[in-house]
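A short worksheet on the structure shown next.
Bear in mind that the values in this text are calculations on the coordinates, not laboratory data. Just so you know, these numbers come straight off a predicted model, no measurement behind them. Here Cβ is always computed from backbone atoms with ideal geometry, including for glycine, and neighbour counts include all displayed protein chains.
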Amino acid sequence: MMNLTNLSKKERGSLAIDFTEAEQKVGFPLCEGIKSLYTRSFGEMDSSVLNLREKVHIKPQGTRWDTWFSFNNCEGNCEVMLSMPGSEKELTDFIAYGFHEWTGGNDFGKRMMIGSLFVNIGDICILLNNDTGKIEWIDCGYGYFDTYDENPNGVLADSIEEFLGFFE
């Protein structure tokens, strides 16, 4: 059974994927973090999206919102859901959705939603910032959905490898 621990142990590049079509669809080159995540061997699945869930201890890195989790009594153990395409043939549409659809047409920069944190105040989006490679969080439910910087947000990890390391 695939879970986040198993995914974190897979070597990047296990799947040889040509990201050209996905890059054309989103309109810019994809960062190495996205390629690292989706070239891990996740296998062909029956469904179009594989949601990997696992509990993990999360301590967000310091930002202007660094007390958001402790303020809401949800710092520490939480459930993480990371969405993966069910097969390589669905990857282009999956990546395009991750960059565009979740934003409701608003400009959140080149950030791809890759999953969610489930905490006692609801779910918080997990984003991969294509410009920096950092894994970020944003709680649109407590801010202004249309303006990224006016929402509680911050960094969970400096890279996809560091983020996946939470599950080892």
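In table form, for the structure just shown:
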{"item": "Zone residues, the stretch 102-130, relative to PHE28, backbone N less than 19 Å from point 7 Å out along Cα-to-Cβ", "result": "102-115, 126-130"}
{"item": "Most mobile of SER70, SER116, SER36 in a GNM of the chain (Cα contacts under 10 Å)", "result": "SER70"}
{"item": "Potential lengthening between ALA16 and ASP107 on full extension [0.36 nm per residue; Cα-Cα distance subtracted]", "result": "29.6 nm"}
{"item": "The stretch 84-152, relative contact order in percent, only Cα pairs under 8 angstrom and at least six apart counted", "result": "22"}
{"item": "Spin-label model distance (nm) - THR67 vs LYS9, 7 Å beyond Cα toward Cβ", "result": "4.1"}
{"item": "Amide H contacts of THR132 (H built 1.01 Å from N, under 5 Å, at least 5 apart or other chain)", "result": "none"}
{"item": "Sequence-distant residues sharing a close amide H with SER159 (under 5 Å, placed H)", "result": "ILE135"}
{"item": "Principal semi-axes in Å for the chain [√(5λ), Cα gyration tensor, largest first]", "result": "25, 19, 14"}
{"item": "Rounded to whole Hz, the Karplus (6.51, -1.76, 1.60) HN-Hα couplings of the stretch 91-101, x for glycine and proline", "result": "5, 4, 5, 4, 5, 4, 4, x, 8, 10, 5"}
{"item": "Most mobile of GLY154, GLY105, GLY86 in a GNM of the chain (Cα contacts under 10 Å)", "result": "GLY105"}
{"item": "In order through the stretch 27-32: 3J(HN,Hα) via Karplus (6.51 cos²θ - 1.76 cosθ + 1.60), integer Hz, x for Gly, Pro", "result": "x, 7, x, 7, 6, 5"}
{"item": "Candidates LYS35, LYS25, LYS59: whichever shows maximal mean-square fluctuation once the chain is modelled as a Gaussian network with Cα springs under 10 Å", "result": "LYS25"}
{"item": "Cβ-based charge dipole, the chain, positive-most Cα from THR67, SER8, SER36", "result": "SER8"}
{"item": "Estimated dipole of the chain in Debye, rounded to 20 [Cβ of Lys and Arg +1, of Asp and Glu -1, Cα centre]", "result": "320"}
{"item": "Under-5 Å amide H pairs with ILE58, H placed in peptide plane, nonlocal only", "result": "GLY76, ASN77, CYS78"}
